[in-house]
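Novice: Can you keep this structure in mind? I'll have questions shortly.
Read-outs: derived from the displayed coordinates by stated rules, not from any lab. What you see is a predicted model; the values in this text were computed from it and never measured. Counting neighbours? That spans all protein chains shown, and the Cβs are built from the backbone with ideal geometry, glycine included.
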Amino acid sequence: MHPQLQFALDCGYVEPVKIATESNPEGEPLIINGHNYFVYTNKGEKLTQSRLYAFSDFLDESNRFVAKKEDLHAGMQLIDEVLTEALMVVNTEPKDCLDLIMQAKYRAQTIKQRLNIGASIERIWEISAIWFLRDDDDPEINDPMINQKKVADFKTRQELIGFFQRWAKNVWNPLPVSLDTSLLNAIRDLNLSEILQNQIFTQSQSGVYSKISSELRDSLNSQTETWANVNDTLEHLPTSSIN
């Protein structure tokens, strides 16, 4: 254990993380890949300054928990190119024009839903890495390298996602109130809807849907692969919650 963490533990500034289970309602220590995890107590608030700064930077970088910038860019580029094509055929192919406008409107709606969902699972892990202390952490210093290792640790214990979601809600109020399987289902359904729409454009060989730029086609293919991988992960998450 890091000597400064041991000192903080002895002084009551931090305490072991405990997770309640059916066999032990009082909680069992959180140990992942041989590392014990700790959290600050109220007495330890004075040690959290560097992590408060890191958390503030994280909020700025992640644009307050909205979808990743590249995902939003791909969506907005799709809307732009689709509406441009609609304007080009408005007089000659009114039905195609209407279809394109509806596709643009649909993507605008999915972007709005993605913004409303707020936090992705990846970001919840990243929040937790800032505030959960591993036994090699210095409690007064936020170390991004150790945080990356903690995120890697968390990903090996996907049955804990419910615990991390509810904990993240406690440190950042705008996270969705319903942090259970309904959130996971909403993320999965949204990803699937965008996958299906992406494929309409990327797999079309002719017609108005095929006229997107090669750059956008590559972005949509990459996004489709990402969402498919996320949904595959969500499919294998346990549905039972952990307090």
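Novice: Please list 87-99, 7-19 highest first by mean number of surrounding beta-carbon atoms within 10 Å per residue.
Specialist: Result, highest mean first: 7-19, 87-99.
Novice: Pairs to check: 69/112; 112/150; 95/211; 69/105. Give those whose C-alpha atoms are more than 24 Å from each other in this structure.
Specialist: 112/150
Novice: Now for a separate question. Please find the FRET efficiency linking residue 156 to residue 11, where r is the Cβ-Cβ separation and R0 is fixed at 35 Å, and quote it to the nearest 0.05.
Specialist: Efficiency, rounded to the nearest 0.05: 0.70.
Novice: What FRET efficiency do you get for residue 196 and residue 149 if R0 is 35 Å and r is their Cβ-Cβ distance, rounded to the nearest 0.05? Write down the numbers at each step before the final one.
Specialist: Values: r = 37 Å, r/R0 = 1.05.
For residue 196 and residue 149, the calculated efficiency is 0.45.
Novice: Taking 35 Å as R0, compute the FRET efficiency from the Cβ-Cβ separation of residue 101 and residue 69 and round it to 0.05.
Specialist: Numbers: r = 26 Å, r/R0 = 0.73.
Efficiency, rounded to the nearest 0.05: 0.85.
Novice: Straight-line reach from residue 18: which aspartates and glutamates fall under 17 Å, measuring Cα to Cα and dropping same-chain residues less than 8 apart?
Specialist: Counting by Cα, and skipping residues close in sequence, residue 18 has these aspartates and glutamates nearby: 26, 28, 135, 153, 159.
Novice: Taking the Cα-to-Cβ direction at residue 31 and at residue 49 and moving 7 Å from each Cα, how far apart do the two end points lie in nm?
Specialist: That separation, rounded to one decimal, is 3.5 nm.
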